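Chemist: Here it is, the structure, as structure tokens.
The values are calculated or read from the model by the stated rules, or taken from the named source; none is laboratory data. What you are looking at is a predicted structure, and each value in this text was computed from that prediction instead of being measured. Here the Cβ positions follow ideal geometry from the backbone for every residue, glycine too, while neighbour counts run over all protein chains shown.
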Amino acid sequence: MTINECIVREVQFSDYAAVSDVVTRNGLATEWPMDCWVGLWQENPAMPQNQPMPIGWVLEQAGKIGGYLGNIPMHYQFQGKRLLAAAAHKFAVNVEYRSQTLRLVAAFFAQKNVDLFLNTSANAPSASVFQMCKSEKIPQPDYDKSLYWVVNTRGLVESVLRNRGYGSVFAAAGGAVLTPALKIKGLLRRHGPLPGSATLETNVLEPHAIGDEFDEFWQRTLTERQQCLLADRSLRALRWHFGNLGAGAWQAKFVCARRSGKLVGYAVLIREDSRGSGIRRSHIADLIAENDDPRVIDTLLNAAFRQAHAEGRHFLELIGFPTRIRNRFAAGHAYSRQFQSWMFWYKAAPSLRERYRDENVWYGSPYDGDASL
């Protein structure tokens, strides 16, 4: 294949079937309904109305699509100003088209009037391509390492045994025998959240049930963190991000903390199920606490742990977040796992580039970019 034979063009919604095939073939999705995909743009509050942004680009030869890079607009706030970000989404290229990969990325970075380019779910190949295009790692430590707690020891043991070829009856019996021994061992080192505050009330809401108090909390957060680069967490943005059709598979839950009836923090839990191993994880996709109060953070982590247990999850996992949040999670003797590559890459407008190299500017989490979409 030569460059002249292969074209790069903007994606149309009518390309859904071919794009879905590329994305699935490259292991980035197993089920991807069309209405989920379309909703990422048609319902997106950050999509410019006067001049809509491309929804992505494809590599095409003789009418056949062999590569895809989605493009999701998002709003950010920094120092009282609203910025427009472009987030890469489901970047996938079939083997026979990979010599043309840079042409997709060039189209992504050629967008005008974009203040910030993001790739927050990079695997090893896409990380190397974005680095080649002078993207930078978010200066927040440990974005290649997760922290996690085991929520359901017996369920985990049974899943591991089933994954190794044992039948359901043997796996259940093995779980009953092995779990007490593991719990005895666990007494030597407690795993799980630190005690929360007795003065805070918590509850759990579906995305469609969150209300105006989230807009009020967002305005207080902006006042408190003017020197921090923050993805839009207005009520409208949160409902789109976690409540749109594309987020249905995550089954997001908002864990809320209130003091005297006033919202002082929330965490968002999303699900990830591994069909091959049967492992069921809950991820903390977002967490904001008023003034980063450790008592609020610990209360939210406690409530998140209880919710994950009630839903029969095996793990509760934290990826990203500033050190001050990770430290509260790690204080519960969290385990960790290392990823093959750095997941969060960005490229800023020249006027902002130096400023963004400061770790304290960032509040990077799976809420950024497409990591929880």
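Chemist: Given (1) touching a residue at least 12 places away in the same chain (Cβ under 8 Å); (2) assigned to a loop (DSSP other than H, G, I, E, B), where does residue 130 come up short, assuming only one miss?
Modeler: (2)
Chemist: Within segment 337-352, work out how many residues are in contact (Cβ under 8 Å) with a residue 24 or more places away in the chain and either loosely packed, with under 13 Cβ neighbours inside 10 Å or over 17 Å from residue 145 (Cα atoms) (or both). If you could, list the steps in order and put the result at the bottom.
Modeler: As a first pass, look at segment 337-352 and keep what is in contact (Cβ under 8 Å) with a residue 24 or more places away in the chain: 337-349, 352.
In the following step, the residues that additionally are either loosely packed, with under 13 Cβ neighbours inside 10 Å or over 17 Å from residue 145 (Cα atoms) (or both) were identified as 337-338, 340, 346-349, 352.
The number of residues fulfilling the criteria is 8.
Chemist: Continuing with this model, one more query. For residues in segment 203-220 being hydrophobic (A, V, I, L, M, F, W, C) and in a helix (DSSP H, G or I), which is surrounded by the fewest Cβ atoms within 10 Å (Cβ to Cβ)? Reasoning before the result, please.
Modeler: We begin by selecting, within segment 203-220, every residue hydrophobic (A, V, I, L, M, F, W, C); these are 204-205, 209-210, 214, 217-218.
Keeping just the survivors that are in a helix (DSSP H, G or I) gives 209, 214, 217-218.
Working: 209: 11, 214: 21, 217: 21, 218: 21.
Ranking the candidates gives 209 first.
Chemist: Which ones in segment 83-98 are free of Cβ contacts under 8 Å to residues at least 40 places away in the same chain and either in contact with a Lys or Arg (Cβ under 8 Å, 6 or more places away or on another chain) or more than 21 Å from residue 364 (Cα to Cα) (or both)?
Modeler: Of everything in segment 83-98, those that are free of Cβ contacts under 8 Å to residues at least 40 places away in the same chain and either in contact with a Lys or Arg (Cβ under 8 Å, 6 or more places away or on another chain) or more than 21 Å from residue 364 (Cα to Cα) (or both) turn out to be 95, 98.
Chemist: Need pairs with beta-carbon distance below 7 Å; first residue within 23 Å of residue 307 (Cα to Cα) and within segment 202-222, second among the β-branched types (Val, Ile, Thr) and at pLDDT 95 or above; sequence gap 6+ or separate chains.
Modeler: As it stands, the answer is 202/255; 202/299; 204/255, since those pairs meet every condition given.
Chemist: Next question, about the same structure. Regarding residue 223, is this residue part of a helix (DSSP H, G or I), hydroxyl-bearing (Ser, Thr, Tyr) and at pLDDT 90 or above? Don't jump to the end; show me each part of the working.
Modeler: Details: part of a helix (DSSP H, G or I): yes; hydroxyl-bearing (Ser, Thr, Tyr): yes; at pLDDT 90 or above: yes.
For residue 223, the condition - part of a helix (DSSP H, G or I), hydroxyl-bearing (Ser, Thr, Tyr) and at pLDDT 90 or above - is met.
Chemist: Looking at 292, 286, 298, can you tell me which residue is of a type in the set (Asp, Glu), at pLDDT 95 or above and touching a Leu at 6+ places or on another chain (Cβ under 7 Å)? Walk me through how you get there before you give the answer.
Modeler: Working: 292 fails: touching a Leu at 6+ places or on another chain (Cβ under 7 Å); 286 fails: touching a Leu at 6+ places or on another chain (Cβ under 7 Å).
Exactly one of 292, 286, 298 is of a type in the set (Asp, Glu), at pLDDT 95 or above and touching a Leu at 6+ places or on another chain (Cβ under 7 Å), namely 298.
Chemist: If you check 101, 24, which single one turns out to be outside any strand (DSSP E or B), without any contact (Cβ under 8 Å) to a residue 12 or more places away in the chain and among the hydroxyl-bearing types (Ser, Thr, Tyr)? Give the derivation first.
Modeler: Values: 101 fails: without any contact (Cβ under 8 Å) to a residue 12 or more places away in the chain.
Answer to the selection: 24.
Chemist: Moving on. So residue 281 passes all but one of these: (1) over 18 Å from residue 29 (Cα atoms); (2) surrounded by fewer than 20 Cβ atoms within 10 Å (Cβ to Cβ). Which condition number does it fail?
Modeler: (1)
Chemist: For segment 125-137, which positions are of a type outside the set (S, T, N, Q), more than 11 Å from residue 91 (Cβ to Cβ) and more than 17 Å from the chain's Cα centre (by Cα)?
Modeler: 132, 133, 134, 136
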